[in-house]
1. Suppose we filter the stretch 285-319 for residues that are in a helix (DSSP H, G or I) and farther than 17 Å from N89 by Cα; how many remain?
2. Among the residues in the stretch 173-187, are any assigned to a helix (DSSP H, G or I), of a type in the set (F, W, Y) and either farther than 30 Å from D33 by Cα or without any contact (Cβ under 8 Å) to a residue 40 or more places away in the chain (or both)?
3. For the stretch 375-384, indicate whether the set of residues that are among the aliphatic types (A, V, I, L, M), surrounded by 12 or more Cβ atoms within 10 Å (Cβ to Cβ) and at pLDDT 95 or above is non-empty.
4. Residues in the stretch 110-137 that are at pLDDT 75 or above and either under 21 Å from P178 (Cβ atoms) or part of a helix (DSSP H, G or I) (or both): how many?
5. Pull up the stretch 444-477, narrow it to residues that are open to solvent by 90 Å² or more (accessible area, probe 1.4 Å) and assigned to a loop (DSSP other than H, G, I, E, B), then point me to the one that is farthest from L243 (Cα to Cα).
6. Which members of the stretch 195-204 meet the condition of being in a helix (DSSP H, G or I) and either acidic (D, E) or crowded, with 17+ Cβ neighbours inside 10 Å (or both)?
7. So which residues in the stretch 237-292 are among the acidic types (D, E) and either buried (at least 20 other Cβ atoms within 10 Å of the Cβ) or under 13 Å from the mean Cα position of the chain (by Cα) (or both)?
8. For the structure I just gave you, tell me whether H314 is in contact (Cβ under 8 Å) with a residue 60 or more places away in the chain and within 30 Å of W407 (Cα to Cα).
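The values are calculated or read from the model by the stated rules, or taken from the named source; none is laboratory data. Since the model is a prediction, treat every value here as computed from it, not as a measurement. Neighbour counts run over all protein chains shown; Cβ positions are idealised from the backbone, glycine included. Please note that ligands, DNA and RNA were not included when accessible areas were found on the heavy atoms of the full protein model with its side chains. Shrake-Rupley method; radii C 1.70, N 1.55, O 1.52, S 1.80 Å.
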Amino acid sequence: MEGAHTGENQCAILWQVIEQYSLYKRIGYFTLDNAPNNDVALRCLHTLLDTQGILLSLYYLCECYTNKLIGIQFDPKQRRLRCFGHIVNLVVKAFLYGKDPTAATHASDIEMSMGIEELEDENIGSMTETEQLLHWRRRGPYGRLRNIITFICRTPQRREDFAKVTRETSPDIRVFAPIAANDTRWNGDFQAIKRALELRVSLETYSVRYIRTHLRDDYLEPLDWTELEDILRILEPFHRLTLELEGRRQNGALWEVFPAMDELLNHLETCKTTYEMTGSVHLTTSIKLAWTKLDKYYSLTEFNPVLYAAIALHPSMKMDYFNIAWDAHPAWIESAHSIIRTLWLVEYCPHFNINLPNASTTYTTEGPPCALTTSWKTKRVAKVMKDELEEFLSLRCIDVSDPRQWWVQHQADYPALSKMALEILAIPAMSAEVERVFSSASLTVTDRRNRLGEDTIEAIECQKSWLHSGIISFSGADEMKKMLAQLQVQQQGVSIGSEPTEMVDRKG
């Protein structure tokens, strides 16, 4: 992308891809981070689709001269999903780096003291070294630990000194350096604290020898180490769920988002009660900051019907999940069912072969009315089509390991609903795979391969992905190697005036 990463520029690149592959009527959902330019990009995409006449109009929904509707429905708010990993990252940052956390005691104070979308608000990069030390020191034990780790990792000589201390104090463990977290890597803070606790003896010894001379105000006392252990316990579920939903260990699918967010909210509420009883004001307030941030994004899920539908269309969950998890909020359960049903009747039912009444039997020769209410529309569709959704939800839940495979096997039973289920259950919960492709491409385009064309990079990344997923195997590559070896042998035999077979015999 050339120029600033504005929503307009992002949309321009996206539109080029849509045009190149003719994806106008196959546009689905977008799992994106929380940057506001992503909202702008989808609004621009909506405008382009409208300008090109691709959006499904009420006229076509009413008229239905043919069984196949023209166009698509595209609501920028509903199609914009928030990457679960980015949400977790912001919640953890709220917990660790919330502004002046000791001043926040009530919800309103917490909201005013947050300012924690990212640390760029404080222009940390433009601070002097002394200002950065003071900035992190105010963050409590973890901020001081971060100052110590930064001091150690800043020069090769300091890293060597730390390695010597580690060999002296802990000869039975492998020597490794502390981890310096950054503001963008998910779980970086968790890994930094975990490694520091493993190297506690080495860090304490090193601090006595060096840190007290240079950073005496950052020295960690026993109570500070105890708080770091508490922080690690509080962050453990965030680390675990990020790994589970990133798409490598388990499914990383949309139906796991609500259970994960519910688990984290309950975890934070339990932790808040625990540390209120122990009198830890600092940790209690930090937990409130994290809870407020997570609750903010939880409330935004109402704009994404597919999050609800992914739960309902899972044969092992259905509406039972909401009935149990939200048993104290019956209005939420009723709303969830209504959201799912509206998505089914409005987004999916009209796109199947439904025997809707002919337009002439419903409207005058002047054409359909200029507006049609959603309630009338959904009632009309429901009358002329078997309600596969309600039939599916009325059956008891069954345990399945892969809900997508279950829907593939039951397409004949639910020809329309299965299409909806397979589309929604394929949506990832996180943008981790896209991030991996971005990182993989940066490893491909090195300083010595900086003139690779876009088509070549695309082909390489596709081949990597296909190999990883098992779509292709190395067998073809092995055959290619054998063929090239035979050609090389033949060429060598011809160059010295011998028959290729003789050359093969001699090598054998």
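1. From the stretch 285-319, those in a helix (DSSP H, G or I) are 285-303, 305-312; that's our starting set.
Pick out the ones that are also farther than 17 Å from N89 by Cα and you get 285, 299, 301-303, 305-312.
Residues that pass the stated criteria total 13.
2. Of the residues in the stretch 173-187, the ones assigned to a helix (DSSP H, G or I) are none.
Checked the stretch 173-187: no residue is assigned to a helix (DSSP H, G or I), of a type in the set (F, W, Y) and either farther than 30 Å from D33 by Cα or without any contact (Cβ under 8 Å) to a residue 40 or more places away in the chain (or both).
3. No - not one qualifying residue is present in the stretch 375-384.
4. Initially, the stretch 110-137 is screened for residues at pLDDT 75 or above, giving 127-137.
Next, only the ones that are either under 21 Å from P178 (Cβ atoms) or part of a helix (DSSP H, G or I) (or both) stay: 129-137.
Number of matching residues: 9.
5. Within the stretch 444-477, the first condition is being open to solvent by 90 Å² or more (accessible area, probe 1.4 Å), and the residues that meet it are 447-451, 454-455, 463, 466, 468, 471, 474.
Within this subset, residues satisfying the condition of being assigned to a loop (DSSP other than H, G, I, E, B) are 450-451, 471, 474.
Values: N450: 32, R451: 35, I471: 24, F474: 28 Å.
Result: R451.
6. Of the residues in the stretch 195-204, the ones in a helix (DSSP H, G or I) are 195-198, 200-204.
Once the filter is applied, which keeps residues that are in a helix (DSSP H, G or I) and either acidic (D, E) or crowded, with 17+ Cβ neighbours inside 10 Å (or both), the stretch 195-204 yields R195, A196, E198, S202, L203, E204.
7. First, the residues of the stretch 237-292 that are among the acidic types (D, E): 244, 246, 256, 262-263, 269, 276.
Once the filter is applied, which keeps residues that are among the acidic types (D, E) and either buried (at least 20 other Cβ atoms within 10 Å of the Cβ) or under 13 Å from the mean Cα position of the chain (by Cα) (or both), the stretch 237-292 yields E244, E246, E256.
8. On the way: in contact (Cβ under 8 Å) with a residue 60 or more places away in the chain: yes; within 30 Å of W407 (Cα to Cα): yes.
In short, yes.
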